[in-house]
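A.B. asks: Mind looking over this structure? Questions follow.
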Ligand SMILES: Nc1ncnc2c1ncn2[C@@H]1O[C@H](COP(=O)(O)OP(=O)(O)O)[C@@H](O)[C@H]1O
Ligand SMILES: [Mg+2]
């Protein structure tokens, strides 16, 4: 944690939606760091703010959403307040993005070659022939068979899994150091999900690129990520190395999430499932947002908001579970 | 697909028969053709003789059948007014109307598409608001009023453009064109603009709506996430996705433009089919009126059917369904 700044540092990020009834705070003091070559898993129930964090990092937050506080730094340089044109040049070049649904991520009327070559030439000084050669290399890298032929095909001629590989190739086109992958396997067949996560992992290793892997599936995180950040109602409530968090979750919510991993469910048979649902943005309870669903909530939890500790394995909870495997 | 084709064709035939029936009724019952064709001193024998020669003594259904059969061969009889074959009269006038419609279509795309894109991507800007406002004006102002305003401004006051006629034309076989002479091109501007004004606003609002929808799609979001420049995102990626409905609507509107050209042609004394029809009405020249009705309807129905069929053929959803087994995107 010393010396050179991390590749990506998000510092007390606040995102607000301006509505007719006043501002709604969707992200509340979100802080996270990713080093080069590292995979950070971001996990949490739907609506926790995972996609929003990724969207803010790639600078695609559209009104009425806006960054209301905090900083985002890439290699120590602030990027959250860059002018639009500077931010555009950075997108795709230094930060790549992968979205959830490969069926809708690609332009249906352009060949994948046209989409790849345009992206490559936007960021790299290559002529058309060299860009095409590079596009074929990228398709090979992501495991598309017969790339010299497939490059001239339209998206609808590919299966879902193959399309997600094309999306990954597009995200890599500008040689980014960081890839924000928002639920890259959620829309895919279960049998293909593992292939895509393996591919992401391999790319991260071979290229030394960092990945922010957003998912609501703790199992994917356990298999893929180096570190994990658990989000709940717009906040990070626990973060740390993936073995530490999965082996000894300290936040009651994280413990509940563990029950969703099939391989761990056997051992967790005694653990209760979390009842209730995450609060809507308009109805976030005072104190710890999790308190209405927490069996160990005290009077303090209903009044005072716990802050995330500054530790390698940190938790934001007044009554964290004591160390050791599952308390 | 075949069932769709057959259904669509039957539909078209049905509409044409209905129109033919209407035209026939006008022909048969608006004024007595015998009275119109003979002078007042004609004897009863002469009348009966003509009535028989015209087949008016036969049963209603036989008469209608003959009418339809003749119409299919392009035989609409003789104009009462100038004793020429009606079909020849109309065919002579067709190029003038068609060129006017072509110019209006071109203008509507050339002006409507950029305005639509602009008002979609700069939605909040003053310019976009102004365009919206003017487009409402454009829709509510009748085209003859606009044509007269144009004539007052550009022909009478500024004297830049001719107020009536086609200018000099060049004959290419049976076709006559004003596009090859300077005066012919100048003469096309005002009527073309007048006829296209409604269409411009139509294209513009369509492009705007389609663009707004496309800009919200995931593939545009992903294109932005890859850092592609705005120009490419708007025109190469988003607009491409909007052109399909624009082409469809433009194709369908050609029939409408031919019909509405009637007003524009009257204002600018443009020697097209519409003007012919208006003159025919003032002289109660029923064969010309009936023929115009049938020919314009035929163009209309043919275009509609063709557009429908092409659309079914190239609809990406149909294609993608067949190939990938999933319905998505547009
Ligand atoms: N355009 C918007 N307007 C208002 N609220 C929004 C908007 N987009 C997202 N939100 C809210 O922000 C919160 C976080 O959303 P998101 O980041 O998409 O969650 P997830 O963790 O499932 O990816 C949700 O409560 C969602 O309702
Ligand atoms: Mg999400």
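The values are calculated or read from the model by the stated rules, or taken from the named source; none is laboratory data. Given the structure is predicted, the values throughout are model-derived calculations rather than measurements. A quick note on method: Cβ atoms are made from the backbone with ideal geometry, for glycine too, and the neighbour counts reach across all protein chains shown.
A.B. asks: Out of the residues in the range A:75-91 that are in a loop (DSSP other than H, G, I, E, B) and in contact with a strand residue (DSSP E or B) (Cβ under 7 Å, 6 or more places away or on another chain), state the one that is farthest from the other protein chains (Cβ to nearest Cβ). Steps first, answer last, please.
C.D. replies: First pass over the range A:75-91, keeping only residues in a loop (DSSP other than H, G, I, E, B): A:75-76, A:79-83.
Next cut, in contact with a strand residue (DSSP E or B) (Cβ under 7 Å, 6 or more places away or on another chain) only: A:79-80.
On the way: A:79: 13, A:80: 16 Å.
Looking at residues that are in a loop (DSSP other than H, G, I, E, B) and in contact with a strand residue (DSSP E or B) (Cβ under 7 Å, 6 or more places away or on another chain), I get A:80.
A.B. asks: Oh, and also: Could you please find all residues in the range B:62-102 being without any contact (Cβ under 8 Å) to a residue 24 or more places away in the chain and in a loop (DSSP other than H, G, I, E, B)?
C.D. replies: B:73, B:74, B:75, B:82, B:83, B:84 - these are the residues of the range B:62-102 that are without any contact (Cβ under 8 Å) to a residue 24 or more places away in the chain and in a loop (DSSP other than H, G, I, E, B).
Yes/no per residue for (1) more than 16 Å from ligand 2 (Cβ to nearest atom); (2) out of contact with any strand residue (DSSP E or B) (no Cβ under 6 Å at 6 or more places or on another chain):
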site	(1), (2)
A:140	yes, yes
A:182	no, no
A:188	no, yes
A:191	yes, yes
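A.B. asks: From the list B:261, B:280, B:238, which one is within 14 Å of chain A (Cβ to nearest Cβ), crowded, with 19+ Cβ neighbours inside 10 Å and at pLDDT 85 or above? Break it down stepwise before answering.
C.D. replies: Values: B:261 fails: within 14 Å of chain A (Cβ to nearest Cβ); B:280 fails: within 14 Å of chain A (Cβ to nearest Cβ).
Residue meeting the stated conditions: B:238.
A.B. asks: Moving on to the next point. Scan the range A:151-162 and tell me whether some residue there is modelled with pLDDT under 95 and under 22 Å from residue A:58 (Cβ atoms).
C.D. replies: Checking the range A:151-162: at least one residue is modelled with pLDDT under 95 and under 22 Å from residue A:58 (Cβ atoms).
A.B. asks: Any idea which residue in the range A:180-236 is nearest to residue A:163 (Cα to Cα), counting only those that are away from ligand 1 (no atom under 14 Å from the Cβ) and within 14 Å of chain B (Cβ to nearest Cβ)?
C.D. replies: Across the range A:180-236, the extreme among qualifying residues is A:188.
A.B. asks: Among the residues of the range B:16-52, write down those that are closer than 28 Å to residue B:298 by Cα and assigned to a loop (DSSP other than H, G, I, E, B).
C.D. replies: B:30, B:31, B:32
A.B. asks: Starting from residues that are more than 9 Å from chain B (Cβ to nearest Cβ) and in contact with a helix residue (DSSP H, G or I) (Cβ under 6 Å, 6 or more places away or on another chain), keep the ones in the range A:92-112 and report whichever is nearest to residue A:141 (Cα to Cα).
C.D. replies: For the range A:92-112, the residue satisfying everything is A:112.
A.B. asks: Can you work out which of the residues in the range A:14-39 that are crowded, with 23+ Cβ neighbours inside 10 Å and more than 16 Å from ligand 2 (Cβ to nearest atom) is nearest to the chain's Cα centre (by Cα)?
C.D. replies: Checked the range A:14-39; the qualifying residue nearest to the chain's Cα centre (by Cα) is A:39.
A.B. asks: Would you mind finding the one in A:70, A:96 that is away from ligand 2 (no atom under 16 Å from the Cβ), assigned to a strand (DSSP E or B), within 20 Å of the chain's Cα centre (by Cα) and farther than 20 Å from residue A:176 by Cβ?
C.D. replies: Numbers: A:96 fails: farther than 20 Å from residue A:176 by Cβ.
Unique residue meeting the criteria: A:70.
A.B. asks: Looking at (1) free of Cβ contacts under 8 Å to residues at least 24 places away in the same chain; (2) part of a loop (DSSP other than H, G, I, E, B), can you tell me which one residue A:153 breaks?
C.D. replies: Condition not satisfied by residue A:153: (1).
A.B. asks: Residues that are away from chain B (no Cβ under 14 Å), buried (at least 19 other Cβ atoms within 10 Å of the Cβ) and over 19 Å from the mean Cα position of the chain (by Cα): does the range A:151-172 have at least one?
C.D. replies: Yes, because at least one residue in the range A:151-172 is away from chain B (no Cβ under 14 Å), buried (at least 19 other Cβ atoms within 10 Å of the Cβ) and over 19 Å from the mean Cα position of the chain (by Cα).
A.B. asks: Could you list, in sequence order, the residues of the range A:113-130 that are under 29 Å from the mean Cα position of the chain (by Cα) and either within 12 Å of chain B (Cβ to nearest Cβ) or over 21 Å from residue B:220 (Cβ atoms) (or both)?
C.D. replies: Of all residues in the range A:113-130, those under 29 Å from the mean Cα position of the chain (by Cα) come to A:113-124.
Correct list: A:114, A:115, A:116, A:117, A:118, A:119, A:120, A:121, A:122, A:123, A:124.
A quick yes/no check of all residues on (1) at pLDDT 85 or above; (2) surrounded by fewer than 13 Cβ atoms within 10 Å (Cβ to Cβ):
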| site | (1), (2) |
| --- | --- |
| B:46 | no, no |
| B:73 | yes, yes |
| B:82 | no, yes |
| B:112 | yes, no |
| B:120 | yes, no |
| B:123 | no, no |
| B:135 | no, no |
